[in-house]
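Visitor: Quick one: the structure is below, questions incoming.
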Ligand code: FES
């Protein structure tokens, strides 16, 4: 039996590839609707090329070879003698699923960077604004500032403006000229250029102010303070004060590694400090019959996720991988590396913070508390600091803050963050926090 | 026409469209505070929108720590802010 965790582009592509060869598989996903974070639609299809999602949705619904388990949160997994057991909660009921072959496509979520006021209502990730709009038909605010870095800011801005919000500005930290550093990646991915053009035209048509080299570095709840920053994100000078009720700030993505980490799949640190899984040319992880595809093997967007998912699906049933697929993967990986070059997240943001800025939102740990754990309590690493301050120990298990805590501590000590530390903060004992009652039941069963 | 679903939040009646999350339906009705934080008593609402950050947790029908950005509204649900 083959189980695919995740119903985003990578998971759906894997399922389709497997089913096409007459082999059965099961797709299990936390959301109630398929599509993952990339493909969320309420009714009308909108956005660039999003209609292709429907082919995959139809397959999921109508192909008898594919079993689809939705609204099911996998919270832990074990592996004995090549048999993987996935424990999941569905509508409060604990269930489990066994398989010989597992394909993980657990995706990614927005990376957040703290700034004074980022905990205030109205401050959120672009992903939240997008999910509310596309998934629930709700426009998050009247006047919205979009800030951070990366191409994802554009569709969010366009979507919100088309839905009637006033987008007061898209503040992109980096200059588009950085793309000139990646001529080969661009030459091999001409369609990406057209995608960019599509959004550029829309932004112009909707009269959305597009600002490069500026970002929101403080938010009062009703005013966004915009600064001009250098490529390391250090503030060069404060520039504008803009009235808005929402600041959607996002700095690329963090892959969700929890499940593969629990199962012992090897992780590596990519050039920009993002922790990802190590996979071979068949998308196979270092552990037995576990394949991994999509963002968890490197942030690359939905095109790459679709190709990786298809390769993982084919490899999982020992089918030959066509050369064209491998070629397209290489092409898209070139583009993924160009994304890192074009939209880097330097350490300058650490100087945006003031003593009271919250670093850990859950446990309400401030910047000065984190710093004093290093200076006064002599915490040597983020682990010790977290024990002193409880940063990263709240309900989200450090998903939002743990990378930032490590980078602040390393910054204070003037050293780089060690790879071992990056890997340790990317893992957690449970893939999803669940109520203690369910946890106790799970242990009792064994 | 999508079906309207009625529920309560801190004892007051609200409604939303079938399929909407609790956080989305409340936000759409103008609610900008889902809870107050434990230590500082600061207001919080939706932040990540996809079940990662736990800023949006509420008590739903007496079950605490439910992520309101993920859970869909259901007829008659009693939703209460928690600290
Ligand atoms: S808003 Fe982050 S978990 Fe709901």
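Visitor: Convex hull over the alpha-carbon atoms of chain A: what's its volume per residue in Å³? Could the numbers behind the result be given before it?
Guide: Numbers: hull volume 63.0 nm³, N = 446.
Enclosed volume per residue, from the Cα hull, is 141 Å³.
Visitor: Hey, what does the equivalent ellipsoid look like for the range B:4-81, semi-axes from the Cα gyration tensor as sqrt of 5 times each eigenvalue, largest first, whole Å? List each step's numbers first, then the result.
Guide: Values: eigenvalues 69, 34, 26 Å².
Each semi-axis is √(5λ); the values are 19, 13, 11 Å.
Visitor: Residue B:78 versus residue A:23, label points 7 Å from Cα toward the beta carbon: distance in nm?
Guide: Taking the simple label geometry, residue B:78 and residue A:23 are separated by 5.1 nm.
Visitor: Please report, in cubic angstrom per residue, the volume enclosed by the convex hull of the alpha-carbon atoms of the range A:33-146. Spell out each step's value before the answer.
Guide: On the way: hull volume 19.5 nm³, N = 114.
Taking the convex hull of the Cα positions in the range A:33-146, it is 171 Å³ per residue.
Visitor: At what distance in nm do the modelled label points of residue A:286 and residue A:378 sit from each other, each positioned 7 Å from its Cα along Cα→Cβ?
Guide: The modelled label-to-label distance comes out at 3.4 nm.
Visitor: Follow-up. To make sure I understand, if each residue's beta carbon is the centre and we count other beta carbons within 10 Å, what order do A:297, A:324, A:384 fall in, fewest to most?
Guide: On the way: A:297 28, A:324 9, A:384 15.
Arranged by neighbour count, lowest to highest, A:297, A:324, A:384 become A:324, A:384, A:297.
Visitor: Taking every residue in A:26-36, how many Cβ atoms of other protein chains lie within 10 Å of its Cβ, on average? Spell out each step's value before the answer.
Guide: On the way: counts 0, 0, 0, 0, 3, 3, 5, 1, 0, 0, 1.
Mean partner-chain Cβ count within 10 Å for A:26-36: 1.
Visitor: Which value, in Å to one decimal place, does the Kirkwood hydrodynamic radius take for the range A:190-327 when every pair of different Cα atoms is included? Don't skip to the end; give the middle numbers.
Guide: Working: mean 1/r = 0.0541 Å⁻¹.
Hydrodynamic radius (Kirkwood, Cα pairs) of the range A:190-327 is 18.5 Å.
Visitor: What is the average number of partner chain Cβ atoms found within 10 Å of a Cβ in A:397-408? Mind showing how you got there, number by number?
Guide: On the way: counts 2, 0, 5, 6, 1, 0, 0, 0, 0, 0, 0, 0.
The shielding value for this peptide is 1.
Visitor: Using helices alone, what [θ] at 222 nm do you get for the protein assembly as shown, with -39,500 (n - 2.57) per DSSP H run of 4 or more residues, divided over all residues and rounded to the nearest 500? Please report the intermediate quantities before stating the final value.
Guide: Working: 15 runs with 154 residues, N = 529.
Rounded to the nearest 500, it is -8500 deg cm²/dmol.
Visitor: Give the span of the range A:112-251's Cα atoms along each principal axis, as three whole-Å numbers ordered largest to smallest.
Guide: 43, 37, 24
Visitor: Other chains' Cβ within 10 Å of A:119-132 residues: what's the mean?
Guide: Numbers: counts 7, 4, 12, 2, 2, 7, 7, 1, 5, 12, 2, 2, 10, 9.
Taking all residues of A:119-132 together, the mean is 6.
Visitor: Further question: Which percentage, to the nearest 5, of the DSSP beta bridges contained in the range A:112-251 is antiparallel? Intermediate values should be presented prior to the final figure.
Guide: Details: 12 of 29 bridges.
Looking only at bridges with both residues in the range A:112-251, the antiparallel portion is about 40 percent.
Visitor: Determine the percent antiparallel among the DSSP beta bridges restricted to the protein assembly as shown, to the nearest 5. Let's see the in-between values first.
Guide: Working: 50 of 83 bridges.
Within the protein assembly as shown, antiparallel bridges account for around 60 percent of the total.
Visitor: Calculate, for residue A:98 and residue B:39, the FRET efficiency according to 1/(1 + (r/R0)^6) with r their C-beta to C-beta distance and R0 56 Å; round to the nearest 0.05. Spell out each step's value before the answer.
Guide: Numbers: r = 43 Å, r/R0 = 0.77.
Once rounded, the FRET efficiency stands at 0.85.
Visitor: Any chance you could run the full-extension gain for residue A:390 through residue A:181? It's 0.36 nm times the residue separation minus the Cα-Cα distance, nm to one decimal.
Guide: Details: separation 209, 0.36 × 209 = 75.24 nm, distance 4.14 nm.
Extending this stretch completely gives an extra 71.1 nm.
Visitor: Given the Cα atoms of the range A:393-435, and with Rh set as the inverse mean 1/r over their pairs in the Kirkwood sense, what is Rg to Rh to two decimals? Could you put the intermediate results ahead of the total?
Guide: Working: Rg = 11.7 Å, Rh = 11.2 Å.
With Rh from the inverse mean 1/r over Cα pairs, Rg/Rh is 1.04.
Values in this text are rule-based calculations from the coordinates and carry no lab data. Keep in mind that what you see is a predicted model, and the values were worked out from it rather than measured. Every residue, glycine among them, receives a Cβ derived from its backbone with ideal geometry; neighbour counts consider all protein chains shown.
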